[in-house]
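Quick notes on the structure that follows.
The values are calculated or read from the model by the stated rules, or taken from the named source; none is laboratory data. Nothing here was measured: the structure is a model prediction, and the numbers come from that model. Cβ placement follows ideal geometry from the backbone for every residue including glycine, while neighbour counts extend to all protein chains displayed.
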């Protein structure tokens, strides 16, 4: 019994020493970069900081549950620290694409209104980028700077932006604009029609999500709400029946 207590004591001491070492490594890395504050994204993108943070959490969990789980927890922390930047980048890209698609109908309407007022496409786009501050406005502002400074042509900058965002709706906007300007088609009417189509698609997507909501609620209802309701309804009758039998 004494040797078991000694092993447990040494294990706890090792866990504490490892946790302190991880904290010191993270602190030294932070001071080396001369950063006063470290955000969550910086921790995720930094392999040393992310592994140190996850290792500390794993050590605390292993000390609370079982020291035999320590190697598995540390291995999981290492794998997660390596994959965390890619996961975060994928999530940010999805958020950017969703934000751009939600703002695209407004862009089409503003540019169409500007073209009807006698402005060129570039001036109408500048008007949108000046009055709005969303994700799509920021991306369009960057593309506008590219072809205004001569880094890329307008068609190339717009197509690169659509490819970078990965939105099919934005690709439709870019192709509509490029073809209308190149062949002299009525740009205002085409963008107005595109804006109406985008709003109709957005409304249809919302209706589809609403229709799927009852189906998604079946699993939590069957697993949590229905058993609790049965216990509340049938439980008193069962207890009364058992009491009468006794």
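Some values worked out for this structure:
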{"quantity": "Criterion violated by residue 163 - all others in (1) closer than 18 Å to residue 99 by Cβ; (2) surrounded by 15 or more Cβ atoms within 10 Å (Cβ to Cβ) satisfied", "calculated": "(2)"}
{"quantity": "Flag for residue 50 being at pLDDT 75 or above and under 23 Å from the mean Cα position of the chain (by Cα)", "calculated": "no"}
{"quantity": "Test: residue in region 216-239 that is farther than 28 Å from residue 135 by Cα, assigned by TED's automatic domain parsing to the domain that holds residue 119, part of a helix (DSSP H, G or I) and without any contact (Cβ under 8 Å) to a residue 12 or more places away in the chain", "calculated": "no"}
{"quantity": "Residue in region 137-155 that is nearest to the chain's Cα centre (by Cα), counting only those that are more than 21 Å from residue 99 (Cα to Cα) and surrounded by 14 or more Cβ atoms within 10 Å (Cβ to Cβ)", "calculated": "146"}
{"quantity": "Count of region 90-124 residues which are free of Cβ contacts under 8 Å to residues at least 24 places away in the same chain and in contact with a helix residue (DSSP H, G or I) (Cβ under 6 Å, 6 or more places away or on another chain)", "calculated": "3"}
{"quantity": "So residue 111, is it modelled with pLDDT of 90 or more and part of a helix (DSSP H, G or I)", "calculated": "yes"}
